[in-house]
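Undergrad: Could you have a look at this structure, given as structure tokens, before my questions?
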Amino acid sequence: VFPNSWDTDPAARDRTDASTATLRRAIAFIDEHAARDISIADVAAAANVTIRAVQIAFRRHYGTTPAGYLRRVRLERARQDLLAADPARESVTAVAYRWGFASPGQFTAAYQQAYGVTPDQTLRQGLAAHQASTFRQARSRDVHGMILGDAAGGHAGSPLRSNGGRWATYALETVGIRPMPGAVQHRSVAGNPPGRADCHERAVAPSRQRSRS
């Protein structure tokens, strides 16, 4: 019996093993252990193939190398950490070390090449987004409290109680907030606030009815 080339040629076997299934196993391992100090040998062992087979699989199906994919994953994880970080408590260097970048300078260069901005800019961007979100939540509470408080005990001529609640809805829409469930949700015509005369008419209507009776 003559041995076939698949049994005797390791390169041929590696090419056969460099399948999409091998790539999926390798990617799953890298995604799960990106924060650890892993090597290409660890990736190959997890995929149950040789190092050469893993390299061929990434080049054939992903257009990169195992190390290139690992670096891409780590950069994205670092980016998410920077966006969510408080600059007063977190630094670019700490994030870089956390995701396996021994040199902050090399991390900054790789990050800027990947995203077009520096890690410091992303860190400040995350702070600005956090501050905007905090301000928006506070503004929402203030507006809702004003509406609900006025509905509970406001005077008859209050614009929030007059005009079918159109002032309440307009106040919310003006600051970009959708009315909370239970709040009056009548919309003003063409997105404009109710007229002053309209509110006044609704406010004085009860007194006119009393005078007629």
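The values are calculated or read from the model by the stated rules, or taken from the named source; none is laboratory data. Keep in mind that what you see is a predicted model, and the values were worked out from it rather than measured. Don't worry about glycine lacking a Cβ; one is built from the backbone with ideal geometry, like all the others, and counts go over all protein chains shown.
Undergrad: Taking ALA57, is it among the small types (Gly, Ala, Ser), crowded, with 17+ Cβ neighbours inside 10 Å and in contact (Cβ under 8 Å) with a residue 60 or more places away in the chain? Walk me through it before giving the result.
TA: Details: among the small types (Gly, Ala, Ser): yes; crowded, with 17+ Cβ neighbours inside 10 Å: yes; in contact (Cβ under 8 Å) with a residue 60 or more places away in the chain: no.
No.
Undergrad: Now a separate question. What is the one condition in (1) touching a residue at least 60 places away in the same chain (Cβ under 8 Å); (2) within 21 Å of the chain's Cα centre (by Cα) that GLY100 does not satisfy?
TA: Result: GLY100 passes all but (2).
Undergrad: While we're on this one: If ALA88 passes every condition in (1) touching a helix residue (DSSP H, G or I) at 6+ places or on another chain (Cβ under 7 Å); (2) in a loop (DSSP other than H, G, I, E, B); (3) farther than 24 Å from GLY100 by Cβ; (4) among the hydrophobic types (A, V, I, L, M, F, W, C) but one, which one does it miss?
TA: Tallying (1) touching a helix residue (DSSP H, G or I) at 6+ places or on another chain (Cβ under 7 Å); (2) in a loop (DSSP other than H, G, I, E, B); (3) farther than 24 Å from GLY100 by Cβ; (4) among the hydrophobic types (A, V, I, L, M, F, W, C), ALA88 fails exactly one: (1).
Undergrad: In region 112-139, how many residues are at pLDDT below 60 and surrounded by 14 or more Cβ atoms within 10 Å (Cβ to Cβ)?
TA: Final tally of qualifying residues: 1.
Undergrad: Yes or no: ASP37 in contact (Cβ under 8 Å) with a residue 24 or more places away in the chain and surrounded by fewer than 16 Cβ atoms within 10 Å (Cβ to Cβ)?
TA: yes
Undergrad: Let me ask another. Scan region 103-111 and give yes if some residue there is at pLDDT 65 or above and outside any helix (DSSP H, G or I), otherwise no.
TA: Here is the first cut: in region 103-111, the residues at pLDDT 65 or above are 103-111.
Now narrow it down to the ones that are outside any helix (DSSP H, G or I): 103.
Yes, there is a match, as at least one residue in region 103-111 is at pLDDT 65 or above and outside any helix (DSSP H, G or I).
Undergrad: All but one of (1) in contact with a Gly (Cβ under 6 Å, 6 or more places away or on another chain); (2) part of a loop (DSSP other than H, G, I, E, B) hold for ARG74; state the number of the condition that does not hold.
TA: The one condition ARG74 does not meet is (2).
Undergrad: Any chance you could count how many residues in region 56-65 are in contact with an Asp or Glu (Cβ under 9 Å, 6 or more places away or on another chain) and closer than 14 Å to ILE27 by Cβ?
TA: In the first step, residues of region 56-65 are kept if they are in contact with an Asp or Glu (Cβ under 9 Å, 6 or more places away or on another chain); the result is 56-57.
Filter once more, keeping what is closer than 14 Å to ILE27 by Cβ: 57.
So the count comes out to 1.
Yes or no, residue by residue, for (1) part of a helix (DSSP H, G or I); (2) at pLDDT below 95; (3) closer than 17 Å to ALA114 by Cα; (4) acidic (Asp, Glu):
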residue: PHE2; (1), (2), (3), (4): no, yes, no, no
residue: ALA11; (1), (2), (3), (4): yes, yes, no, no
residue: THR16; (1), (2), (3), (4): yes, yes, no, no
residue: ARG24; (1), (2), (3), (4): yes, no, no, no
residue: ALA67; (1), (2), (3), (4): yes, no, yes, no
residue: ARG79; (1), (2), (3), (4): yes, no, yes, no
